[in-house]
1. Mind listing whichever residues of region 42-57 are outside any strand (DSSP E or B) and buried (at least 16 other Cβ atoms within 10 Å of the Cβ)?
2. For LEU230, indicate whether it is surrounded by 17 or more Cβ atoms within 10 Å (Cβ to Cβ), more than 29 Å from the chain's Cα centre (by Cα), more than 30 Å from ASP156 (Cβ to Cβ) and in contact (Cβ under 8 Å) with a residue 12 or more places away in the chain.
3. So which of LEU209, LEU241 is at pLDDT 95 or above, among the aliphatic types (A, V, I, L, M), under 30 Å from VAL30 (Cα atoms) and surrounded by 11 or more Cβ atoms within 10 Å (Cβ to Cβ)?
4. Check every one of the strands (runs of 3 or more DSSP E) wholly within region 76-120 and list those with 3 or more residues that are touching a residue at least 40 places away in the same chain (Cβ under 8 Å) and touching a Leu at 6+ places or on another chain (Cβ under 9 Å).
5. Can you name the residue in region 175-226 that is of a type in the set (Asp, Glu) and in a strand (DSSP E or B) and is also nearest to ARG159 (Cα to Cα) among such residues?
Amino acid sequence: MSTLLMAAGLATAAAPARAQLLAQVTPVKVSVTARPGEPVTRDVLLTNQSEAPVVVRVRLSDWTLSEQGEMDLVPAGSTPNSLAGRVAFEPREFSLQPGESGHVRVTLSLPADGPATRWGVLLSEMRPADAVSMRFGPRAIIELGTTLYLSRVPADLVRADVTGMDVHPLGDAVSVSVRIRNAGERHFYVAGEIALADSSGTRLGTGQLGKGVVLPGGLRELTWTCECGLHPGRYQVTATLDTGEPQLIVGETWFQWPVPAPVPPPLAQQTQR
C-alpha cells in the first residue's frame, strides 16, 4: 500500500473514467496526547468535490511501516500497538451531495496499561451514489486516510538518535543514507538537512532529507542523493535533524571518493578428502 494513501488529502479515481471522482479529507493526521481513561474527541472533515453525489463508508485499519518509509495496511487489531477497541467514530456511512462536506466524530481513549502509544488510520471510502452511473465508470472508487496517533507520553519526551550514516556511489552521483532510531515510547516526525563538504571545509552541496515518522522502538532511514561531480579526495557529510526536541541532532561521516569497492569475503577452505 502506497504511503500516498496516508499523506494525500486530495485524490482522484484510479481507474479510467469519463469524469473524475474528487474528494478531500481534513486533517490527514491526528496526533493526540491523552490521560488514561479520559476520552478525547476530534472531527474529520470530508468534502465531495465531484459533480455527482457520493456514498461514504468509514472504517478503521492498522498499518505497518518499513525502515524506508513504505506503509502497508493490515486488518484492525492485528498489530501490538493497534487502536482497535480504542476508537469510536460516527457516522460510519453517509451521503454527500456535490460540493457538500460532512463530519466524522472520532473519539479516542487510552488505557493505563499496555503500549504507551498506539496508531491506526481512519479510511473513508467514497463511491458514486448511483452504482450503475456511467459518468464515472463502474469502478470509480477512492479511499482517503487520516492517520491517528494516541499516546500518554508528552510530545516533549521523545528520544531520538542517529545510529549510522552510509555513503554509496550511484554512477557519478553519491547517495547518503541516515538512520534514525526511536528509543522512546512516543512517535515523532523527523525532518533534516544535509550538507556535503570537501576536506578543506568548502561546502559543495546541500539538500533536504524529507520528513517522516519514526515509530516507538523503530528505525527510519532517510536518503539524499547528490550529483556533485566529485573529484578524487576525502569528503564530509553532515546531517542536521529536527525531531521536535529542544536541540537539533547532528550526525556526520567522512568518505573517500571514489568509494572503494567492498572487499569480497575470503573463500571457504575446502575440506581435503
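1. If the condition is that a residue be outside any strand (DSSP E or B) and buried (at least 16 other Cβ atoms within 10 Å of the Cβ), then GLN49, SER50, ALA52 are the ones that fit.
2. Spelling it out, LEU230 is indeed surrounded by 17 or more Cβ atoms within 10 Å (Cβ to Cβ), more than 29 Å from the chain's Cα centre (by Cα), more than 30 Å from ASP156 (Cβ to Cβ) and in contact (Cβ under 8 Å) with a residue 12 or more places away in the chain.
3. Checking each option against the conditions leaves just LEU241.
4. It comes to 101-108.
5. Filtering first and then ranking leaves GLU221.
The values are calculated or read from the model by the stated rules, or taken from the named source; none is laboratory data. For clarity, every value in this text was computed on a predicted model and none was experimentally measured. So basically every Cβ, Gly included, is an ideal-geometry build from the backbone, and we count neighbours across all protein chains shown.
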